[in-house]
Ligand SMILES: O=C(O)CCC(=O)C(=O)O
Ligand SMILES: [Fe+2]
């Protein structure tokens, strides 16, 4: 049927007849968490304080042109919400659902394990991410150009934030041009009980989230899930590597996104992730609970834990004995 095959929505699994009560698993709204704002022109003590608690903050004076962000969101909407799923799937970097959660694996996959999320994963080290894919004029070509430009800004912002941190600023702890951008869409989800992205900490040094106005992002703060209000600022959250190099002084904040229930095109976000260089030995001069490790070691451990237990364990795997 033409109408069906033209749908932009990936084939997300709905709850079946296996006795689930999806409504009982609905992610509830939390009380809104007021986030600190750090001025990139004068980060001062506000930056250090925000990194210690809550581990996520809004960034002012970041210098990312508003029209670039607007054009990128428009291109993301064009590609992700207006293009048939089969065309998106043919593009390099496209993903949907939860990587690794596919029925061919030995563990059974429940609809509740599958994130209601799709997007493009773009490595900034490849300057023209879609160059070999779509013809000029295709929505993916436009997106690729814009992501490359946006990525330059993200790298600049990440370096300035990192250099202003009070923690160990060994240069190789931030490979800002080797990171990646993910352009996300959380498609409208017709039944409650699904996640947009499950609770996790980022494996990054730092991450920068740019979200539209749909809302749904939550962070774990003092043991409770709290809503992060959408707004026209960049959000910076610290990741596991920042926690490691600061000997736990900085918070790698657990966060998640509720599946989009707002209707329409769902929720869009542009996320930048920056990591240490592969050859950097991640450690803390002042001594820490963790043994020194490299990012490839950390990633291999995360992958092994996901394969074996279904979940990332993270820094706890690197505790000194
Ligand atoms: O889309 C968002 O706002 C957050 C996504 C996220 O946490 C991630 O991709 O690690
Ligand atoms: Fe994240």
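Considering 181, 157, 161, which residue is within 16 Å of ligand 1 (Cβ to nearest atom) and either in a loop (DSSP other than H, G, I, E, B) or under 26 Å from residue 33 (Cβ atoms) (or both)?
181
Which of (1) away from ligand 2 (no atom under 12 Å from the Cβ); (2) at pLDDT 95 or above; (3) under 19 Å from the mean Cα position of the chain (by Cα) does residue 235 not meet, given it meets every other one?
So the condition that residue 235 fails would be (1).
Among 226, 256, which is within 25 Å of residue 189 (Cα to Cα) and near ligand 1 (Cβ under 10 Å from one of its atoms)?
256
Spot the failing condition for residue 274; the list is (1) over 19 Å from residue 36 (Cα atoms); (2) more than 12 Å from ligand 1 (Cβ to nearest atom); (3) more than 11 Å from the chain's Cα centre (by Cα), and only one is missed.
(3)
Listed here are the residues, each with its yes/no results for (1) touching a helix residue (DSSP H, G or I) at 6+ places or on another chain (Cβ under 7 Å); (2) modelled with pLDDT of 90 or more.
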{"position": "109", "(1), (2)": "no, no"}
{"position": "121", "(1), (2)": "no, yes"}
{"position": "124", "(1), (2)": "yes, yes"}
{"position": "129", "(1), (2)": "yes, no"}
{"position": "141", "(1), (2)": "no, no"}
{"position": "156", "(1), (2)": "no, yes"}
{"position": "162", "(1), (2)": "no, yes"}
{"position": "168", "(1), (2)": "yes, no"}
{"position": "188", "(1), (2)": "no, yes"}
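Regarding residue 257, is this residue within 10 Å of ligand 2 (Cβ to nearest atom) and within 14 Å of the chain's Cα centre (by Cα)?
Yes.
Quick check on my filter: what residues within the range 189-208 are part of a strand (DSSP E or B) and either without any contact (Cβ under 8 Å) to a residue 24 or more places away in the chain or buried (at least 21 other Cβ atoms within 10 Å of the Cβ) (or both)?
Within the range 189-208, 195, 196, 206, 207, 208 qualify.
Which of the residues belonging to the range 209-218 are within 9 Å of ligand 1 (Cβ to nearest atom) and part of a strand (DSSP E or B)? Talk me through it step by step, then tell me what you get.
As a first pass, look at the range 209-218 and keep what is within 9 Å of ligand 1 (Cβ to nearest atom): 209-211, 216-217.
Selection gives 209, 210, 211, 217.
Return the pair list, or none, for Cβ contacts closer than 6 Å from residues in the range 243-259 that are within 23 Å of residue 285 (Cα to Cα) to residues that are in a loop (DSSP other than H, G, I, E, B) and within 10 Å of ligand 1 (Cβ to nearest atom), at least 6 apart or on different chains.
Listed pairs, sorted by first residue: 252/201; 252/239.
Go through the residues of the range 200-211 one by one and say whether even a single one is more than 14 Å from ligand 2 (Cβ to nearest atom), at pLDDT 95 or above and in contact with a strand residue (DSSP E or B) (Cβ under 9 Å, 6 or more places away or on another chain).
no
Residues of the range 216-229 being more than 16 Å from ligand 2 (Cβ to nearest atom) and either without any contact (Cβ under 8 Å) to a residue 60 or more places away in the chain or under 24 Å from residue 173 (Cβ atoms) (or both), which ones?
Result: 222, 223.
The values are calculated or read from the model by the stated rules, or taken from the named source; none is laboratory data. Remember, it's a predicted structure, so these values are computed and weren't measured experimentally. When we count neighbours, we look across all protein chains shown, and the Cβ atoms used for this are built from the backbone with ideal geometry, even at glycine.
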